[in-house]
Structures are given as C-alpha cells and as structure tokens.
Amino acid sequence: MRVEAEYDDLLVLAPSFVAYRDGLLEGKSIGTAKEIDLLFLNMDRTIKARMDPEGFARERKVGVTVAARALRDIKERVERELLRLVLKHAHGNSELMDFRGRVLKLMKTAWRDVFHAGVRSTGIKGIGSGGRGPLVQLDPEDEAWLRSAMTHEMGFLNKFIAAVHGGTWKMSLPQRVLMYVNTLTSFFDSARVIGLPATVILHWVGPNDERSCEGCRYLFAHSPYTKKVLPTVPRASLTPCLTNCRDRLLIRQATPEAVVRITNASKYTRSGHVKNLRRIKARHG
C-alpha cells in the first residue's frame, strides 16, 4: 500500500487488520501483519518522502483535508442509521433477516468507504469525491487486507445483532452503536499506518500513570519502535484498556541509519512483543 499519515505528527492509530498464521485468525494487532506488508508495499512513498519532502507534505495536506471530511460525514451517517435500525428491531418493528441484512450492508459499505478515505488521507491521488464512488483505486494487496479486516469485524457485529434480537445487551444500545461507529476510525487509521514510510521512528507516549494498564506500561517501557518491531497501536484491543486507551503514537521521520540502529537494539521482535502483550492481557484483561 502506498500510504502515509499525519495529524501534525501526533497519530492516534487503531488498526483492525487481521492475518492468517498457522491456520489461526489473528486480529486487532498490526503485529500480525506480514513484514513485507509493513515495509515494502510503501516503498515508493518512502522514496518520495526522502527525495521530495516538500512535495510529499503538500500531497498529504490535500489528502488529509479531503479524507477527514469524508470520515466525519460517514461516521455521522452510520451512527444515525445504525441506531435507527437497532432501536426499530429492539422494539419489535422489523424481522430478523431484514434487520441483519440492512445492518450488514450498512457496515460493509462504511468499512470500505472509510478505508478508502484513510488511503486518500496520505496524499494518494483521488479518483472522486466519495459522494458517488470510491475516493481512491485500491491495489489487489489493499483489497486483500480490507477483506480480512471486514471478516474479523463481522464476527463482532454478528454477536451484536444476536444480542439486539435476543434482548441480551448489557450496555445501552446507543453506547453499543457508538462502539461500532468507532470501528470505522480503526479502519481509517489502519489504511494509513501500514503505509507509513519505512524511515520513521514511533514513540509510545502517554500519561504512564497509575491509571495506565499493564499493557500500555509495557509498551511505554520498550519505546521507541520502528515499523519492523511495532507490535500494536493505541485502541487496537491488544492491551487490557482496549478502546479506552489514553496513549498515542508520536511519529518522527528518521534516517535509515537510525531506523536500523533502533531495530537492532530492540529486546524483542514484533512477534515477541505480541506474545508478551497477550500474556499481559490474559492476566489483566
């Protein structure tokens, strides 16, 4: 994927991507992505960032403006429509098959739309406004990632649909709807973090206080990271705080030499970090 992202270099990223490893479906962690997806699919963006930083910055500025507007509009529309469908069914005013079909169609469209917006936010040339078609043209590799992410989210959405139908929800329906609306931001940011230029250093920053979960303390202690060793991102559900994380990634451009030095100095590989975080989550989640 040829993407890069920036919120004034202060990123809050939450990917929902999944990958198949040894027949197991692993989700909610960038640490499950294949290394080639993280480092090589964005090679042209890395070269652009190094050779023409001013032009690269201009491309991103335009992309961010278009994509931020699209993300806001999509989230507002989905929250309004999803809540309407959920309340209608909860009150017994729709059949299960109709309710399920409408919800799935709504969310599948939204996931794809915000993924496109995430790609566009990095300065990738657009092919439309998003009003009547996609913002960008996805590569086959991008489509594969998106399908995997959607498959993962479908499992959670089906459980929600079943809870609404059976009247077994625990939190209020508006709150639960908002959770699914927030997954849209996860798809948006996933489309960007995979394509960050390889020449970046990622710092895990936050309060790191008594309210911080053990997972975030672990990540804070082992910061900084490079793309090769970064195991997860805030609100990606690999830490006990789940989507309530207060931390963020501070991302800085770096020389290739600095990237190699920090990568080699890392105590653990990406997979090692992921295993450690899963152990922490099992104890404290």
What is the number of the single condition among (1) farther than 25 Å from D113 by Cβ; (2) over 18 Å from the mean Cα position of the chain (by Cα) that V229 does not meet?
(2)
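One line per residue, one yes/no per condition, for (1) within 26 Å of H152 (Cα to Cα); (2) in the same structural domain as Q175 (by TED's automatic domain parsing); (3) modelled with pLDDT under 95:
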site: D52; (1), (2), (3): no, no, yes
site: V66; (1), (2), (3): no, yes, yes
site: A70; (1), (2), (3): yes, yes, yes
site: L83; (1), (2), (3): yes, yes, no
site: L87; (1), (2), (3): yes, yes, no
site: N93; (1), (2), (3): no, yes, no
site: T109; (1), (2), (3): yes, yes, yes
site: V114; (1), (2), (3): yes, yes, yes
Is there a residue being aromatic (F, W, Y) and out of contact with any helix residue (DSSP H, G or I) (no Cβ under 8 Å at 6 or more places or on another chain) anywhere in segment 199-217?
no
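For segment 211-222, check the following and say yes or no: at least one residue is closer than 23 Å to E153 by Cα, free of Cβ contacts under 8 Å to residues at least 60 places away in the same chain and not hydrophobic (A, V, I, L, M, F, W, C).
Restricting attention to segment 211-222, the residues satisfying the condition of being closer than 23 Å to E153 by Cα are 215.
After this cut, where a residue has to be free of Cβ contacts under 8 Å to residues at least 60 places away in the same chain as well, the list is none.
Within segment 211-222, not a single residue is closer than 23 Å to E153 by Cα, free of Cβ contacts under 8 Å to residues at least 60 places away in the same chain and not hydrophobic (A, V, I, L, M, F, W, C).
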Determine which single condition L238 fails, assuming it passes every other condition in (1) assigned to a helix (DSSP H, G or I); (2) within 30 Å of F160 (Cβ to Cβ); (3) modelled with pLDDT of 80 or more.
(1)
Over segment 241-285, the set of residues among the charged types (D, E, K, R), over 25 Å from Y180 (Cα atoms) and in a helix (DSSP H, G or I) is E257, R261, R270, K275, R279, R283
Residue that is nearest to E76 (Cα to Cα) [pool: residues in segment 160-179 that are hydrophobic (A, V, I, L, M, F, W, C) and not in a helix (DSSP H, G or I)]
M171
Can you confirm whether L138 is among the hydrophobic types (A, V, I, L, M, F, W, C), at pLDDT 90 or above and surrounded by fewer than 22 Cβ atoms within 10 Å (Cβ to Cβ)?
no
Which ones in segment 204-235 are assigned to a loop (DSSP other than H, G, I, E, B), at pLDDT 95 or above and in contact with a strand residue (DSSP E or B) (Cβ under 6 Å, 6 or more places away or on another chain)?
S223, P224
Within segment 95-102, is even one residue modelled with pLDDT of 95 or more and either assigned to a loop (DSSP other than H, G, I, E, B) or over 30 Å from A162 (Cβ atoms) (or both)?
yes
Does segment 243-266 contain any residue that is of a type in the set (D, E, K, R), closer than 22 Å to E210 by Cβ, surrounded by fewer than 15 Cβ atoms within 10 Å (Cβ to Cβ) and free of Cβ contacts under 8 Å to residues at least 12 places away in the same chain?
no
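The values are calculated or read from the model by the stated rules, or taken from the named source; none is laboratory data. Owing to the predicted nature of the structure, the values given are computational and were not obtained by experimental measurement. Positions of Cβ are backbone-derived with ideal geometry, glycine not excepted, and every protein chain shown enters the neighbour counts.
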